[in-house]
Amino acid sequence: MIHLRRQLVAIGRLLWRNFTRSAIGGRGEARVGSVLSARLLLRLLFLALIARNGLDLARPIRAIADDAERSAALGWALLGAIAVTASLTVGFQQPIGAAAARRLRPLQHPLLAILPVLASTRAVLALLSSGWAPFLFGPFFLGAVGIRAAASVAELWLLGAGLGAAAVAVMRRFLAAHRLAPIAAATGVVVLSGVLVLTQAAWLGRRLGAAPALSSWARALAEGRAPPALAQLAALALAALGFAAFGAVERHGYDRLDVQPTRSVRTRGTRPLDLRRLERRLLVRERSALVLSAVALLIPVVLTAVLVWGVAYGSGAPERVVVEALAVTLLTSFASFAVWICFGQASIAVARDVVARPLLSSLPIPPSATLAGKGALLSWMMLPLVVCAGVMFLFLRVDAPELWARWLLFAGALWLLARGTAAIAFLSQGLGSATPGAGTPIGSLDNLIIVVPVMGVVLAPHPLLALPSFGALALVSWEARRAALRCVRWLDDASLLLERSTPLWRALLGFAMFLSAQSLIALLLGAAGRPSEPDAPAASLMGGAYLVSALALAAYTIGRRGELGRLRWRPARRWTLALGAACGLATGALGVVLQPAIARLLERLGVEGAQVAMGGTLGALLLGLAVLVAAPLAEELYFRGWLQEALALQLGRRRVWAPVLAAFAFAAVHPGPAFPVVWLLGLAAGALYARTGALGPGIAAHAAHNALVWWASR
Amino acid sequence: MSPAIASRSQAERTPAPAILRAEGLSKRFGAKLAVAALTCEVRSGEVVGLIGPNGAGKTTTMRLALGLLLPSEGRIEVLGVDCASDSVRVKELIGYVPDEPAFYEFLSGRETVDFACEMRGLERQAAWERLEPFVAKLELAPELDRLVSGYSHGTKKKLALLLALVHGPPLLLLDEPTNGLDPPSANLVRRLLSELAAAGAGILLSTHLLDMADRICHRLVFLDRGRLVAGGTPAELRALAGLGGDASLEDAFLRLVARPA
């Protein structure tokens with residue numbers, strides 16, 4: 001006899017195992033029992049970021065003084081939240097991409113089709129398919145109307161997911177599988193519009209008044225009453241109907257999914273079908289992939305058109321300050337679109353290769369050609385974004401050369417992103433790697449390595465300050481390609497022990513883990529206590545987050561360096577410690593001397609220095625500990641003990657360049673203005689490490705440098 | 001006399017109750033007719049082979065039996081349960097080995113079996129006790145605690161068979177059960193199937209290995225483009241094709257499923 005409760009518990013455990021274990025890296029590392037991993041950390045960070053965004057979005061609504069306007073704004077927020085939940089429920093149910101992708105999604109896995117899953121269990125699965133929606137609008141409503149909204153939020157979540165489930169049921173019943181794919185891709189538009197409505201709810205409420213539906217519900221929430229019983233009952237009944245329909249249809253849900261229509265296609269042209277054209281043709285034939293990219297590219301085009309129209313027919317050209325802010329915002333949002341398109345398309349393309357492996361492995365295709373075909377396709381897809389941004393700049397009458405320099409950097413960064421992502425997809429989603437599924441393709445540690453420098457380029461306060469990030473991006477893209485060229489061999493050789501990445505790539509993964517740990521902890525600390533000054537990050541927050549993540553970086557480095565030999569702390573010749581300290585003092589002094597000059601230069605470039613609110617003794621203590629103890633230890637351990645070693649191993653006879661590159665990476669992650677001095681410090685520490693083979697002198701240099709700069713700044 | 005032959009003659013003497021029964025079963029995918037008015041049955045203790053060229057409708061028939069597909073016409077039932085209307089109940093009665101088995105890559109083999117036990121509402125302890133002899137026979141013990149993502153194709157196939165036996169089902173549906181297995185493993189599986197049939201299970205298997213079908217199937221169903229071309233014991237089919245008792249089943253198949261060139 002089958003019990004609903006047992007099935008649900010089993011599925012819950014399955015989801016938890018998926019969440020933790022599918023975060024384990026390549027095949028060789030896969031072990032039962034390893035729960036805590038860097039990738040898991042990243043997933044938690046993703047959810048925490050969404051929750052934090054929800055809280056942030058609530059602020060403008062709470063700030064509305066007028067009761068009528070506030071309830072109107074809440075009404076729009078409700079509408080947005082329900083649209084997001086319903087469309088996510090539909091989106092996660094649909095066969096996007098290759099059939100192989102379905103195996104990566106625990107709730108749509110083919111194994112569930114042949115087990116006796118109860119209709120009620122299936123209904124719960126539909127509810128769980130709304131993905132990250134509750135993490136966004138739960139905190140949003142809690143922030144906007146407080147804890148009394150909790151029951152209402154749950155009801156609305158049920159309603160949204162129920163509507164989505166009903167939509168899936170209707171589509172499965174009446175549409176053939178090949179018509180579902182475009183609809184699934186189109187749900188992306190609804191998700192984005194829902195998020196847009198949710199984020200702009202305050203503005204919508206003020207401008208347009210109450211949302212057509214749900215206004216009585218919103219009014220009750222705004223006034224602190226329970227929503228009308230009749231409306232609650234209706235919402236729950238609708239949800240129940242939706243889930244029931246889903247459960248009933250889903251029993252035979254795979255009826256239509258497995259059937260693809262046999263289309264006959266006419267081959268046009270006589271040009272040979274090389275790998276580049278093959279990628280393009282497959283993209284066009286696979287409708288869901290095509291619609292996905294079309295939608296993603298259409299949004300920037302529409303945005304451009306709206307903006308151009310607004311400028312042409314609005315109140316003349318906007319002010320210069322507005323133009324600059326607008327230009328940077330545009331580039332940032334376009335870069336986010338680029339990241340979304342690249343990761344989505346690259347993972348679909350690699351999934352395709354996994355399926356076609358028997359064919360590919362029998363053909364004499366060099367790995368570089370396999371990569372080049374995908375890289376070229378992605379680069380082509382970046383072109384509309386670059387052109388759109390250029391058109392916008394023209395219409396905004398951008399005349400500042402630094403904005404055009406930004407545009408050039410943006411174009412270059414997108415090109416590097418396209419090339420790098422194709423390689424990363426092979427590294428993280430190739431054969432046998434049980435990577436994501438339980439979230440977004442962006443939520444992978446490998447992807448984070450390349451997203452950070454891309455965002456560094458577009459968000460830099462000045463194009464000159466974007467150069468270090470650009471350099472880091474080029475290095476990451478180059479190394480991703482190198483590592484992937486080794487790894488693409490799985491197309492020929494599926495053996496278990498195939499080394500999937502280079503030591504250098506693993507070192508870079510370690511750093512991505514450090515970054516995600518730092519942001520996650522800052523988010524958690526930020527949610528626990530409120531910074532005293534809203535504009536400046538509190539010292540205690542920064543110090544605490546840094547201390548914990550530095551500990552994690554040190555532990556990770558010691559645990560994962562693996563094949564790079566033993567770490568030595570103390571140098572054979574003790575006087576090198578003193579030499580290190582002297583080097584550190586020298587670079588520190590240089591930094592202190594150059595500080596006013598750098599500040600002046602930045603002022604001339606129009607960049608404001610970042611301020612940190614010290615906030616009492618605890619903050620000073622924590623920040624001091626972080627700067628004087630944790631940073632020298634953890635960063636030297638990582639940048640010299642791991643990254644430089646991995647670089648040296650890889651460069652072979654040209655290993656003399658290893659300290660230079662490691663120092664560049666070290667400087668690139670430090671705030672822009674300090675870049676040249678920190679590079680010098682890195683060079684000194686790197687050279688000392690290369691000569692002595694011990695970390696001590698580098699740590700001494702780093703600590704001395706930090707101490708001097710810290711003392712001068714107080 | 002080998003056990004397989006013993007049970008074969010037994011099955012011929014007293015017709016056992018039918019476990020699976022299809023009547024006028026049809027399935028249409030758009031304009032394509034995948035299964036056309038198929039009528040057949042599988043009785044207890046009997047191994048029935050679905051034989052046919054690629055695209056003959058073998059897998060579709062099995063998916064109809066599981067309730068994964070809805071028939072366009074006709075009816076298919078397992079022990080009186082209509083497969084189309086109660087797919088949950090039907091899946092409790094069937095152990096299914098798909099042609100390309102799929103598992104959660106991040107579960108170990110043991111955890112996968114545990115998961116199936118929970119989903120089927122079985123006592124885990126008792127299920128493992130029942131599975132123990134099969135684990136030994138399939139030589140799966142050293143593999144069970146590794147993640148499925150590292151399994152070879154053959155090991156995945158064996159795990160799928162183990163998973164199909166978790167609940168001791170009266171009917172086994174096996175899609176190309178020896179596909180991807182090395183000869184010794186294929187031999188193991190063949191022996192296992194004969195033993196299961198002797199113990200009273202009904203087995204419907206699809207294959208294109210006519211030699212294997214000849215050795216373990218009591219009855220064969222020849223399919224072509226969804227239609228039943230011929231059915232009966234291997235001897236009857238040889239006679240139907242006008243061949244002698246020592247002719248190969250392949251010749252009989254080629255004669256009966258003759259396609260215009």
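Tabulated data for the structure shown
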{"read-out": "Unmet requirement for B:LEU223, which otherwise passes all of (1) more than 22 Å from B:ILE19 (Cβ to Cβ); (2) touching a residue at least 60 places away in the same chain (Cβ under 8 Å)", "value": "(1)"}
{"read-out": "Residue check for B:ARG124: closer than 20 Å to A:ARG6 by Cβ, at the interface with chain A (Cβ under 9 Å from one of its Cβ atoms), more than 17 Å from the chain's Cα centre (by Cα) and at pLDDT 85 or above", "value": "no"}
{"read-out": "Any hit, the range B:102-119, residues being within 9 Å of another protein chain (Cβ to nearest Cβ), touching a residue at least 40 places away in the same chain (Cβ under 8 Å), charged (D, E, K, R) and closer than 18 Å to B:LYS157 by Cα", "value": "yes"}
{"read-out": "Of residues in the range B:87-110 being assigned to a helix (DSSP H, G or I) and touching a Leu at 6+ places or on another chain (Cβ under 9 Å), the one farthest from B:THR61 (Cα to Cα)", "value": "B:ARG110"}
{"read-out": "When residues of the range A:124-133 are limited to those that are modelled with pLDDT under 85 and in a helix (DSSP H, G or I), the one nearest to the other protein chains (Cβ to nearest Cβ)", "value": "A:LEU125"}
{"read-out": "Members of the range A:48-69 found to be in a helix (DSSP H, G or I) and either farther than 14 Å from A:PHE140 by Cβ or of a type in the set (Lys, Arg) (or both), listed by number", "value": "A:ALA48, A:ARG52, A:ARG59, A:ARG62, A:ASP67, A:ALA68, A:GLU69"}
{"read-out": "Flag if B:ALA136 is away from every other protein chain (no Cβ under 12 Å) and hydrophobic (A, V, I, L, M, F, W, C)", "value": "yes"}
{"read-out": "Residue in the range B:92-106 that is over 19 Å from B:ALA201 (Cα atoms) and modelled with pLDDT of 90 or more present", "value": "no"}
{"read-out": "Residue that is nearest to A:ASN53 (Cα to Cα), among those in the range A:150-180 that are at pLDDT below 80 and either out of contact with any Gly (no Cβ under 9 Å at 6 or more places or on another chain) or polar (S, T, N, Q) (or both)", "value": "A:LEU180"}
{"read-out": "Residue list for the range B:87-101, restricted to those being more than 7 Å from chain A (Cβ to nearest Cβ) and acidic (Asp, Glu)", "value": "B:ASP99, B:GLU100"}
{"read-out": "Only listed residue being in contact with a Ser or Thr (Cβ under 7 Å, 6 or more places away or on another chain) and of a type outside the set (Asp, Glu), chosen from A:LEU708, A:LEU661, A:LEU681", "value": "A:LEU681"}
{"read-out": "Whichever residue in the range A:15-49 is surrounded by fewer than 22 Cβ atoms within 10 Å (Cβ to Cβ) and facing chain B (nearest Cβ under 8 Å) and, among such residues, is modelled with the highest pLDDT", "value": "A:ARG17"}
{"read-out": "In the range B:59-72, residue nearest to A:ASN18 (Cα to Cα) [restricted to those that are part of a loop (DSSP other than H, G, I, E, B) and more than 9 Å from chain A (Cβ to nearest Cβ)]", "value": "B:PRO71"}
{"read-out": "Matching option when the condition is under 25 Å from A:HIS109 (Cβ atoms), away from chain A (no Cβ under 12 Å) and either touching a His at 6+ places or on another chain (Cβ under 9 Å) or not aromatic (Phe, Trp, Tyr) (or both), among B:GLY202, B:GLY180", "value": "B:GLY180"}
{"read-out": "Residue that is modelled with pLDDT of 90 or more, exposed (fewer than 15 other Cβ atoms within 10 Å of the Cβ) and either within 23 Å of the chain's Cα centre (by Cα) or farther than 18 Å from B:TYR96 by Cβ (or both), where the choices are B:ALA160, B:ALA136", "value": "B:ALA136"}
{"read-out": "Qualifying residue in the range A:651-659 (condition: modelled with pLDDT of 80 or more, crowded, with 19+ Cβ neighbours inside 10 Å and touching a helix residue (DSSP H, G or I) at 6+ places or on another chain (Cβ under 7 Å))", "value": "yes"}
{"read-out": "Which listed residue, of B:ARG75, B:ARG146, B:ARG130, is of a type outside the set (Phe, Trp, Tyr) and within 9 Å of another protein chain (Cβ to nearest Cβ)", "value": "B:ARG146"}
{"read-out": "Subset of the range B:238-257 [out of contact with any strand residue (DSSP E or B) (no Cβ under 7 Å at 6 or more places or on another chain), surrounded by fewer than 19 Cβ atoms within 10 Å (Cβ to Cβ) and assigned to a helix (DSSP H, G or I)]", "value": "B:ALA239, B:GLU250, B:ASP251, B:LEU254, B:ARG255"}
{"read-out": "Condition check for A:SER549: in a helix (DSSP H, G or I), at pLDDT 75 or above and within 30 Å of the chain's Cα centre (by Cα)", "value": "yes"}
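The values are calculated or read from the model by the stated rules, or taken from the named source; none is laboratory data. All values derive from a computational prediction rather than experimental measurement. Please note: Cβ atoms are built from the backbone with ideal geometry, for glycine as well, and neighbour counts cover all protein chains shown.
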